[in-house]
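Q: Okay, handing you the structure first.
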Amino acid sequence: MGDSSSTPSLSPAEAEPSSPNLFEAESPPRASRRHRRARRLAGSPGTPPGAPPGAPPSAPPDALALGPASEDLLVTTNYDTEATRSDPPGTLSQYDLSTLYGNSDSVRPQSSRSDHVTPNLTNEESNSLMSLPDSKQDDSEEPPAKVRKLSSPKINDDTDGETCPICLDTWGNSGEHRLVALKCGHLFGAQCVERWLKAQPSRERTCPTCKSKAALKDIRFIYAKRLVAADSSQITALQKQVDSLQTEKSRVELELQNCKIAHRACIMQLEVLRSSLMKPQVAKEQPVRRTWRFALEKNLEISKEGGCRVMTYNCRTYELYVSQKSVNYLFPGYGIRKVSCVDNKAGQFLHLHPKPIRDLTYSQPRDLLLSAGLDGAARVVERGVPGLAVHCGLPLWSCSWDHLRTNEFYVGGVGGVVQQYDVRNPSHYIQRLTAPGDMSPVVSLRSTEYGLLSCQLNSCWLWVANMRQWEPRALPLEGPFMSLSYDEESHRALVSCRAGGGERGRLALCRVRASAPGGEVVLEPEQSFPGSGRATLMSRAAWVRAPGALWAAAHSEGEAALRLHGLEGARSVSLPAAEPALDVCALQLNGDTVLAALSEWRLRLYKAITTTT
């Protein structure tokens, strides 16, 4: 070190090109000349005594006296002093690196960026930095040393939703830089977005991200500890797909339920056809003598306020439709109550008329229910949903679907008027029939293959269609009458005659057939059964059929019983009934015969049980 021929120490920028480079880019040429001037001034009077030529000055105050032209010397002296005072041998401080370029902002002494510069050097690198070139190398033009650029820190994609897009700084849950959102949905720091909006005219203020219109009043505080932007487009698409599949599933389940109901109806029809085909074979064999009895299965309360009058049976859904008064005081009037014959429970109530319902009838081919009320309207219920309303202009007492044309129906009302309608054009009736000489209400209507049976309080008629012209034919029976029912298998009409004038009521049977020579319709009275001695209520009679047995059922008010008059060898049955049965209906359910009797408040269900003798 004391030998004058030894190589003096060099600054980091004077290192030989063979030494490891700390930076990739070359330093500016001005920096190289600055370093050479510093080396030439190393032998100035400011050099401490005993030091070799080219050694750096001992103190930085000597450089201050050089004036403006000695700026390069001041920079070099500060570097050497700082390197001698604080850094270990072979180490470059961040401050020294900044003085090499004359720009302290390019390298900041922060802990976050110190990782990108190698803090320690090897022994060979320190020796090469301490060695000085000879006098020949001082005058030669050396190429500038290559300098490695400080690599900027990589942007972390995980913090994309945690920083303000204006200042690129993290936001917080409170304070001036808390998390806020504009009406377009983009998120910012509160202080940044306020300054952004205030810097623009009030009419030209826009969102910094999407340039949509924005105002200071649109700023909304967002309360979140950590905001992570998630792509929910796929989740939304999958949710829509789930909803569509749920809708399709509901539709398929409904179709499946309808198919099951239609399947059961077809099975019942198949059993009927099979039994009709087996009748000739059974007739040849010795018939088994069977007797029947009826057991009460269910006594169901329909309405506490009363108002029940008529009912009909839906063979598709195995439900009874019972007319009753509405129990909802907000919607007064009358409607039907669905009663399941499978579990014997009351179901949905449908409001139909503002006034009492006088008749109900069901059409199996189209699954339509028709109701007639005293309000002068006929309502059509399609598959359990109220639909068409036909205003007939007169109070209605009865209704019936056409036997052949499923789109047409008949209604009967006061004045002995019968009107024919088509559901496809219900604005006006097709035909209007009026019985000659009788203005009493039409209490029952039944469409048959022979014509239309009409029962009024004082007369009964068979309307025969001849070239779309109806001809009335009176039934050979004496009134007054209460109801009429028709059995399609035996082609017989059951007419309930009311007691009056000191005579008892009766049930009259009349067969309807076509004569052989001319094809004229003939009405033949067959049999009659005694009825009740008094009749204060108008009860309706019905046919009850079981395998090998047939009954004519009607309520006897004098005996307080439901009488079943046996036909075709069947034994008559009497069922006690404390409440008068206003309507009677027979139905087939899973091969069993069920008899339903309706009073003003309750519905009684009986099951036919056979015993062999």
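Q: Tell me yes or no: at least one residue of region 487-498 is without any contact (Cβ under 8 Å) to a residue 24 or more places away in the chain and within 24 Å of GLY558 (Cβ to Cβ).
A: Scanning region 487-498 turns up no residue that is without any contact (Cβ under 8 Å) to a residue 24 or more places away in the chain and within 24 Å of GLY558 (Cβ to Cβ).
Q: Do we find a residue being open to solvent by 30 Å² or more (accessible area, probe 1.4 Å), among the hydrophobic types (A, V, I, L, M, F, W, C) and closer than 25 Å to GLY347 by Cβ anywhere in region 539-549?
A: No: zero hits.
Q: Something else about it: Kindly check whether there is at least one residue in region 367-374 that is at negative phi, without any contact (Cβ under 8 Å) to a residue 24 or more places away in the chain and assigned to a strand (DSSP E or B). Talk me through it step by step, then tell me what you get.
A: Kept after step one, since they are at negative phi, are these residues of region 367-374: 368-374.
Imposing the further condition that a residue be without any contact (Cβ under 8 Å) to a residue 24 or more places away in the chain reduces the set to 374.
Those still in the list that are assigned to a strand (DSSP E or B) too: none.
No, the conditions are met nowhere in region 367-374.
Q: Of ARG358, ARG383, which residue is within 12 Å of CYS399 (Cβ to Cβ) and open to solvent by 20 Å² or more (accessible area, probe 1.4 Å)?
A: ARG358
Rundown of residues vs (1) more than 20 Å from VAL495 (Cα to Cα); (2) at pLDDT 90 or above; (3) outside any loop (DSSP other than H, G, I, E, B); (4) of a type in the set (Gly, Ala, Ser), yes/no style:
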{"residue": "TRP551", "(1), (2), (3), (4)": "no, yes, yes, no"}
{"residue": "ARG571", "(1), (2), (3), (4)": "yes, no, no, no"}
{"residue": "CYS585", "(1), (2), (3), (4)": "no, yes, yes, no"}
{"residue": "ALA597", "(1), (2), (3), (4)": "no, yes, yes, yes"}
{"residue": "GLU600", "(1), (2), (3), (4)": "yes, yes, no, no"}
{"residue": "LEU605", "(1), (2), (3), (4)": "yes, yes, yes, no"}
{"residue": "THR611", "(1), (2), (3), (4)": "yes, no, yes, no"}
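Q: Could you list, in sequence order, all residues of region 488-522 that are under 54 Å from the mean Cα position of the chain (by Cα), surrounded by fewer than 19 Cβ atoms within 10 Å (Cβ to Cβ) and either assigned to a strand (DSSP E or B) or of a type outside the set (Ser, Thr, Tyr) (or both)?
A: GLU488, GLU489, HIS491
Q: Still on this structure, please answer the following. With (1) of a type outside the set (Val, Ile, Thr); (2) over 30 Å from MET439 (Cα atoms); (3) in contact with a Pro (Cβ under 8 Å, 6 or more places away or on another chain) as the list, and LYS345 as the residue in question, which single condition is left unmet?
A: In the conditions (1) of a type outside the set (Val, Ile, Thr); (2) over 30 Å from MET439 (Cα atoms); (3) in contact with a Pro (Cβ under 8 Å, 6 or more places away or on another chain), LYS345 misses (3) alone.
Q: What tally of residues in region 386-414 results from selecting those that are under 26 Å from MET538 (Cβ atoms) and surrounded by 15 or more Cβ atoms within 10 Å (Cβ to Cβ)?
A: Residues flagged as under 26 Å from MET538 (Cβ atoms) and surrounded by 15 or more Cβ atoms within 10 Å (Cβ to Cβ) within region 386-414 amount to 18.
Q: Going by the structure shown, is VAL417 surrounded by fewer than 23 Cβ atoms within 10 Å (Cβ to Cβ), under 28 Å from SER539 (Cβ atoms) and of a type outside the set (S, T, N, Q)? Break it down into steps so the answer makes sense when it comes.
A: Details: surrounded by fewer than 23 Cβ atoms within 10 Å (Cβ to Cβ): yes; under 28 Å from SER539 (Cβ atoms): yes; of a type outside the set (S, T, N, Q): yes.
The answer is yes for VAL417.
Q: Does any residue of region 206-213 turn out to be modelled with pLDDT under 90, at positive phi and in a loop (DSSP other than H, G, I, E, B)?
A: Within region 206-213 (the criterion being modelled with pLDDT under 90, at positive phi and in a loop (DSSP other than H, G, I, E, B)), the answer is no, since none of the residues qualifies.
Q: Still on this structure: Taking the options ASN458, ASN466, name whichever one is surrounded by fewer than 17 Cβ atoms within 10 Å (Cβ to Cβ), over 25 Å from LEU494 (Cβ atoms) and free of Cβ contacts under 8 Å to residues at least 40 places away in the same chain. Before you say what the answer is, go through the steps one by one.
A: Working: ASN458 fails: over 25 Å from LEU494 (Cβ atoms).
On inspection, the qualifying residue turns out to be ASN466.
Q: Read through the list (1) touching a strand residue (DSSP E or B) at 6+ places or on another chain (Cβ under 6 Å); (2) hydrophobic (A, V, I, L, M, F, W, C); (3) not in a strand (DSSP E or B), then give the number of the only condition that MET439 fails.
A: (1)
Q: Just checking, does region 471-484 include any residue being open to solvent by 50 Å² or more (accessible area, probe 1.4 Å) and over 24 Å from MET439 (Cβ atoms)? Give the steps one after another, and end with the answer.
A: Taking region 471-484 first, the residues open to solvent by 50 Å² or more (accessible area, probe 1.4 Å) are 471-474, 476, 478, 480.
The next check asks that each one be over 24 Å from MET439 (Cβ atoms); those that pass are none.
Scanning region 471-484 turns up no residue that is open to solvent by 50 Å² or more (accessible area, probe 1.4 Å) and over 24 Å from MET439 (Cβ atoms).
Q: Would region 444-451 turn up any residue that is open to solvent by less than 30 Å² (accessible area, probe 1.4 Å) and not small (Gly, Ala, Ser)?
A: Yes, because at least one residue in region 444-451 is open to solvent by less than 30 Å² (accessible area, probe 1.4 Å) and not small (Gly, Ala, Ser).
Q: Right, something else. Listed residues ASN299, ASN328, ASN344; which is at positive phi and open to solvent by 30 Å² or more (accessible area, probe 1.4 Å)?
A: Within the list ASN299, ASN328, ASN344, the selection yields ASN344.
The values are calculated or read from the model by the stated rules, or taken from the named source; none is laboratory data. None of these values were measured; they are calculated from a predicted model. Cβ: placed from backbone, ideal geometry, glycine included. Neighbour counts: every protein chain shown. Note: accessible area is taken over every heavy atom of the protein model, side chains too, but ligands, DNA and RNA are not part of it. Shrake-Rupley method; radii C 1.70, N 1.55, O 1.52, S 1.80 Å.
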